[in-house]
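No lab work stands behind these numbers, since they all come straight from the coordinates. All of these numbers come straight from a predicted model, not from anything done at the bench. Note that each Cβ is placed from the backbone with ideal geometry, even for glycine, and that neighbours are counted across all protein chains shown.
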Protein chains: 4
Amino acid sequence: MLKAGLIGGTGYTGVELLRILAAHPEVSVELITSRGQAGKRVEDHFPSLRGHYGLQFQSPENVKFDRCDIVFAATPSGVAMNYAPGLLAHGIKFIDLSADFRIKDIELWEKWYGMGHSCPELLAKAVYGLPEMNRESVRTASLIANPGCYPTATTLGLLPLLKSGVIAHDPIIVDAKSGVTGAGRVVSTGNLYSEVADSFKAYGVAGHRHQPEIRQSLCQISGTDDMGLTFVPHLTPMLRGIHSTIYVQLTDSSADLQTLFESQYGDEPFVDVMPVGSHPDTRSVRASNMCRIAVHKLAESNAAVILAVEDNLVKGAAGQAVQNMNLMFGLPETLGLTSVPVLP
Amino acid sequence: MLKAGLIGGTGYTGVELLRILAAHPEVSVELITSRGQAGKRVEDHFPSLRGHYGLQFQSPENVKFDRCDIVFAATPSGVAMNYAPGLLAHGIKFIDLSADFRIKDIELWEKWYGMGHSCPELLAKAVYGLPEMNRESVRTASLIANPGCYPTATTLGLLPLLKSGVIAHDPIIVDAKSGVTGAGRVVSTGNLYSEVADSFKAYGVAGHRHQPEIRQSLCQISGTDDMGLTFVPHLTPMLRGIHSTIYVQLTDSSADLQTLFESQYGDEPFVDVMPVGSHPDTRSVRASNMCRIAVHKLAESNAAVILAVEDNLVKGAAGQAVQNMNLMFGLPETLGLTSVPVLP
Amino acid sequence: MLKAGLIGGTGYTGVELLRILAAHPEVSVELITSRGQAGKRVEDHFPSLRGHYGLQFQSPENVKFDRCDIVFAATPSGVAMNYAPGLLAHGIKFIDLSADFRIKDIELWEKWYGMGHSCPELLAKAVYGLPEMNRESVRTASLIANPGCYPTATTLGLLPLLKSGVIAHDPIIVDAKSGVTGAGRVVSTGNLYSEVADSFKAYGVAGHRHQPEIRQSLCQISGTDDMGLTFVPHLTPMLRGIHSTIYVQLTDSSADLQTLFESQYGDEPFVDVMPVGSHPDTRSVRASNMCRIAVHKLAESNAAVILAVEDNLVKGAAGQAVQNMNLMFGLPETLGLTSVPVLP
Amino acid sequence: MLKAGLIGGTGYTGVELLRILAAHPEVSVELITSRGQAGKRVEDHFPSLRGHYGLQFQSPENVKFDRCDIVFAATPSGVAMNYAPGLLAHGIKFIDLSADFRIKDIELWEKWYGMGHSCPELLAKAVYGLPEMNRESVRTASLIANPGCYPTATTLGLLPLLKSGVIAHDPIIVDAKSGVTGAGRVVSTGNLYSEVADSFKAYGVAGHRHQPEIRQSLCQISGTDDMGLTFVPHLTPMLRGIHSTIYVQLTDSSADLQTLFESQYGDEPFVDVMPVGSHPDTRSVRASNMCRIAVHKLAESNAAVILAVEDNLVKGAAGQAVQNMNLMFGLPETLGLTSVPVLP
């Protein structure tokens, strides 16, 4: 039984990780930190967890992680990097669900995240935890940069096309839509029910932190730095779900895209290639670790459209973190992650 | 491994039952019937089930239930009663999630359901499957009338008070609110998104089928036929969830209501008595078999208010059916039903 | 053309008042104050108002209200009372949409609002601005306490019954439901989309500020202090709308309730008595100043149920304020308030 | 006072047209037809209209349109074309809110709408009623093809760019999102609340009827038939609103896009060009005839993104129809259409 610690467990990623770990047969959560809720019972903070956790939140200052085999961070940017060196030095594996270790180019990271990085020397060591792209590296990693929600669905939607070289690298257009939990449990006007319900909008057209993260993966997959990626995120009045609509231009118009995707993902437990002509809806993956993808080759043009959906809190965050943990500890990759999506 | 059959699996109760049974370690679903979808793969009808079921819907005419140990009916009123005699004659246990066997008074049933009953002789045999009220009878039953969604939350909210005799029997006022899945997958104008979203209304004030069902249980619990029950249901713009707000007048103003509830439900796995002063929200039980209850004794009056929430598709339907099945077959009552609520 | 000022126009009541006044043919909004948004253009704060207002928010310190005929306050509790003496001294009429002048009993007010009142001497002068109850007093008032959202729908639902003396005063049970804008534009965890969407809950069962306000009106109408009122508010995942479900016991079982309501409200422009058997939905009054009411006498009991719906931001706040203004200045009561509800 | 008739007034476009016309100072609605609701009072069908219409629905067979100056059709495809010849022959102006006269190429129309056209000779006579594109033709038209909801926002978003020739014609990618009322009041499983709430999906990727309609306008504006348009619509869990996100490649990278848009639309009453860097949300135009547009030139690329929002039932349907009517009868273009958007 693995002993797990959780740094920062009061947000939506935190409660989702606790939900998943409660059902995981090989993990026991031993400690949870929170500066703001220290001393409060986890069950009082999240009534949905009543009966599942006897723990209290602890102030991070007083915590000894020594008894943990694995620590997860579900914190705002700039927090996890302060814990990483110490944890690794003690031989504790660390999965960071925030963005601190996602971007290899330190200058790029510092530009987008607006702060200095406290341990740039660990960036090279960190493995980008998208198993469908980096599975073997994840198995041996001690530090995982768990991917962002938009990057997960988007990268999975483009991987077979870039790998096989059948699309142009410019333009690649990603029109992505997210449920409101994607913004976290941040108490701001923009996240109020009365601001976002029954409405729809784009945001961050001029630039969004997930664009360089996606771009980095696309470049890695295609082995080139030439990538004309436009990424526009939108806020949708729903709780969970990412829908990434991806527009590409084919360079090889005879390519059998459906077969390409099925070959790439045939053995993947958490990527479901839908039948030709499908339109996956986000609810079909609600509360599950599945990413469903449909690929449409358009008639009378060289364009193709890829539709990829995931639950941003599961495959886009906590579920993928547990998938990574399973790989790191030699457990079956799907352990604790096989629950059926909740529909409706 | 129990072999299960499902009559009518194309609605929301059906897909929820399939979701729960997919994760149940002691059940294998062997057949599913549907007149309208016969020949279609279950996974094509419900993409959320892709990878979990290889079955096709079968036309009910051609189905042999002999190999089933247990059959569930998730059908409109008036269908299950046609299957019950045959199934029971073959020694197959039967759980009816519809209302065909819920009301013992045949005239009352026929009045509310607007049809004749095809097997009134089975009504006495049918056990009302609310385990917290009738657990021992459920264990030995061969035919279960699975309770309605409103009746489950409401009866659980009143049981300790009626049993201990601390409230007046008139008036008992139940102001109940349901998510839209409570109306089933019925294709009608009233169930359209554009009719019910961002709006709220009462319905059935003059009379609702769940009123006599609730009244029957309250009378059974209190051992009297004197019960002044007003029940008003409301439609809420959300997918899942029942919130029953119950108003009673205390006859014993010194009664310690919190202790009453905690004593009654202390050992119940699926009833959670919240701390004094709580306001449970429906999301705290989403996709789980839990019913959470808070009891409020009002200051400066003899009134009390009970708040009871459940997921109408789980504790109010499919989850309770599986709980009953577990009891009927001597399995642990909570088997396959311990998943953590999905929040947010 | 009346010149109007608005104290605190950055919340939902503020923007709704600005929306209504923009279409009012006899009012010109001359100034709007806001501490937090001083210097910002109103149109930049509320893009929905683009093209309708050229004003900027002004810091309240620098504002001269002298040129105003009428001032509205759409502020948190405890702010409006600081402006009232000065405005009245200058002969400026004042409509307070907050709660500062709603409760006549100063001790009761101070207990519920948790602060001292700065001008209790004005309480007697303030007229409770529910025109259907106090129309003649409103006409001559200089200071209006604009009613709360729950009290408006609830009082209108009970007025004909109490006035005619056909119901018992105890118990009167009000189970009320509100959309999320009822909580204002307060930036708190509890108002986040991801906290309240797709969920339902009660709140304030132990006590809510609108209970004494409702009780005061019911006592005034019935001319007694004996009133056993239970009030439980609930939060509903929708933007606008109040639905008040009211349970009463008839003392005169032969009373013709429908006729009672139609007689009381036959000439009222903003109260619509629905046909017998109706279930008004909140969307049927969305963005309008109408309150729709249906009354149900229950069969086989002495109970009756009243359903009353309104838009909490219009008849429950800004619209009613304009209705009061029209009366105070001798304008047609419905001026600027006749827009058709927005459905769906 | 114009006398208006409405063919098919029981859907969402119908009720919206009735809402707008109720407030129009120069129009009186004289008759409304409906096969299904004949004999029913309009107010009973739409309680939101209570007090505004005394009419009953009439069966279309019995209706004489002679006394009408203008007739609107808010019917499914294939109905309006049967009325057009007769109405025009009687000198009655006709605005078709359905798609019967939108596409000039009869073969293309018949392919997409799956039926023969009953009066192809009228297609040349029909004016495509997008005033910002065809204002002068609208003024003198007797038959208006009122544009579709997606085409309105999309064409307005592209018009300045195509007219000035600063973008490539291929690829032009339109990723459009609609609220559920865009699907009409069609009683189908796909439109149920429990199917579309809290979920998001694309549809019609292989082809959607609005694609050829948009393409036709883009070709007309640019004077070419070379137009590589990809159009993907999505269904969003909200009532009203279209958000069109448009991706184009600039051929002239020095073009000042903001000035282009402001010049084109500076005098337009119903197109609002937002400040540089804006992200309009659909609620900012709710229940109004406004289309708000923001244009973003992306850094380090030749790409631009245009965001255009409208209320699909107003500028995308009923409001635009009234705007066209105003033009056809020499009334002020904005008459009856100046109401402020309802936010939140």
query: Which of D:THR13, C:THR245 comes first, and how do the rest follow, when ranked by fewest Cβ neighbours within 10 Å?
result: C:THR245, D:THR13
task: Evaluate the Debye formula for chain B with equal point scatterers sitting on the alpha carbons, no solvent, and hand back log10 of I(q)/I(0) at q = 0.14 Å⁻¹, in q order, two decimals.
output: -1.15
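Could you calculate the FRET efficiency of A:SER301 with B:ARG35 from 1/(1 + (r/R0)^6), where r is the beta carbon distance between them and R0 is 51 Å, rounded to 0.05?
Numbers: r = 42 Å, r/R0 = 0.82.
For A:SER301 and B:ARG35, the calculated efficiency is 0.75.
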message: I need the calculated FRET efficiency for the pair A:ASP170 and A:LYS111, taking r as the beta carbon distance and R₀ as 30 Å, to the nearest 0.05.
response: 0.85
query: If eta is 0.890 mPa s and T is 25 °C, what Stokes-Einstein diffusion coefficient results for region C:145-220, Kirkwood Rh from Cα pairs, in µm²/s?
result: 170
field: Amide H within-cut-off set for B:LEU192, under 5 Å, with H built and near neighbours excluded
entry: D:TYR193
query: In peptide B:180-192, what is the residue-averaged number of other protein chain Cβ atoms found within 10 Å of each Cβ?
result: 5
- request: At q = 0.08, 0.12, 0.14, 0.16 Å⁻¹, what is the base-10 log of I(q)/I(0) for region C:150-313 according to the Debye formula with one equal point scatterer per Cα and no solvent? Please give it to two decimals.
  value: -0.23, -0.52, -0.70, -0.91
- line: Among C:GLN37, C:PRO25, C:LEU229, the residue whose Cα sits farthest towards the positive end of the charge dipole of chain C, when +1 is placed on the Cβ of each Lys and Arg and -1 on the Cβ of each Asp and Glu, is C:GLN37
- line: On the formula 1/(1 + (r/R0)^6), with r taken between the Cβ atoms of C:SER28 and D:PHE329 and R0 of 35 Å, the FRET efficiency rounded to 0.05 is 0.70
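Give me the dipole magnitude in Debye, nearest 20, for chain D about the Cα centre, with unit charges on the beta carbon: positive for Lys and Arg, negative for Asp and Glu.
Numbers: 27 positive and 34 negative charges, 189 e Å.
It comes to approximately 900 debye.
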query: lysines within cross-link reach of D:LYS111: Cα-Cα under 22 Å, excluding same-chain residues under 8 positions apart?
result: A:LYS297, D:LYS125
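So, with +1 on the Cβ of K and R and -1 on the Cβ of D and E, and no other charges, what is the size of the charge dipole of the protein assembly as shown about its Cα centre, to the nearest 20 debye? The partial results should precede the final answer.
Values: 108 positive and 136 negative charges, 0 e Å.
In debye, rounded to 20, the protein assembly as shown gives about 0.
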message: Quick check on chain A: of the DSSP beta bridges with both residues there, what percent are antiparallel, nearest 5%?
response: 45
- request: Go from 0 up to the bin containing the longest alpha carbon distance in region A:100-200, width 10 Å each, and give me the % of pairs per bin.
  value: 12, 29, 36, 19, 3
statement: Between D:SER59 and residues 5 or more places away or on another chain, the pairs with built amide H atoms under 5 Å apart involve D:SER34, D:GLY39
- request: Between C:VAL187 and D:SER263, with labels modelled 7 Å along Cα→Cβ, what's the label distance in nm to one decimal, could you check?
  value: 4.0
query: Helix A:149-164 versus the longest principal axis of chain A: what angle, 0 to 90°, nearest 10, using Cα atoms?
result: 40
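Across peptide A:280-292, what mean number of C-beta atoms from other chains lies inside 10 Å of a residue's C-beta?
Numbers: counts 5, 10, 5, 12, 7, 4, 6, 7, 1, 0, 3, 0, 3.
Across the residues of A:280-292, the mean count of other-chain Cβ atoms within 10 Å is 5.
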- prompt: For region D:254-344, which trypsin sites (Lys or Arg not before Pro) are in a loop by DSSP, counting at most 15 other Cβ atoms within 10 Å?
  reply: none
query: Under a straight-distance cross-link criterion of Cα-Cα below 20 Å, which aspartates and glutamates are reachable from B:LYS3, leaving out those fewer than 8 residues away in the same chain?
result: B:GLU16, B:GLU26, B:GLU30, B:GLU43, B:GLU61, B:ASP66, B:ASP69, B:ASP96, B:GLU333
message: For q values of 0.05, 0.06, 0.08 Å⁻¹, compute log₁₀ I(q)/I(0) with the Debye formula on a Cα-only model of the protein assembly as shown, without solvent.
response: -0.38, -0.56, -1.04
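Run through the DSSP bridge list for the protein assembly as shown and note the antiparallel percent, rounded to the nearest 5. Provide the component values of the computation, followed by the final result.
On the way: 102 of 226 bridges.
So the antiparallel bridges in the protein assembly as shown amount to around 45 percent.
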statement: Here the residues of region B:6-21 lying in the modelled label zone of B:ASN62, meaning backbone nitrogen under 18 Å from a point 7 Å along Cα-to-Cβ, are B:6-10
- line: Mean projected area (nm²) from the convex hull of Cα positions in region A:204-301 is 8.0
message: Let me spell out the model: positive unit charges on the Cβ of Lys and Arg, negative unit charges on the Cβ of Asp and Glu, origin at the Cα centre of region D:150-313. What dipole size does that give, in debye rounded to 20?
response: 520
- line: Dividing the helical contributions, -39500 (n - 2.57) per DSSP H run of n ≥ 4, by the residues of chain D yields a 222 nm value, nearest 500 deg cm²/dmol, of -8000 deg cm²/dmol
Trypsin sites (Lys or Arg not before Pro) restricted to region D:1-40 and DSSP loop, no more than 16 other C-beta within 10 Å: D:ARG35, D:LYS40
field: Cross-link table A:LYS64/A:LYS177; D:LYS40/D:LYS93; A:LYS104/A:LYS163; B:LYS163/B:LYS201, entries beyond 29 Å C-alpha to C-alpha
entry: A:LYS64/A:LYS177; B:LYS163/B:LYS201
message: Modelling each spin label as a point 7 Å along the Cα-to-Cβ direction, I'd like the B:GLU43/D:ASP256 distance in nm, to one decimal.
response: 5.9
statement: The simple spin-label model distance between A:LYS125 and A:CYS219, using points 7 Å out along Cα→Cβ, in nm, is 2.4
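Using only Cα atoms, figure out Rg for region D:1-142 and give it as a multiple of 2.2 N^0.38 Å. Numbers along the way, then the final one.
Values: Rg = 15.3 Å, N = 142, 2.2 N^0.38 = 14.5 Å.
Relative to the 2.2 N^0.38 Å estimate, region D:1-142 comes out at 1.06.
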message: Using a 10 Å cut-off around each Cβ, can you sort A:VAL27, C:VAL309, D:VAL71 from fewest to most neighbouring Cβ atoms?
response: A:VAL27, D:VAL71, C:VAL309
query: Using a Gaussian network for chain B with springs between C-alpha atoms less than 10 Å apart, which of these wobbles most: B:SER288, B:SER142, B:SER194?
result: B:SER194
Averaged over C:303-311, number of beta-carbon atoms from partner chains that fall within 10 Å: 3
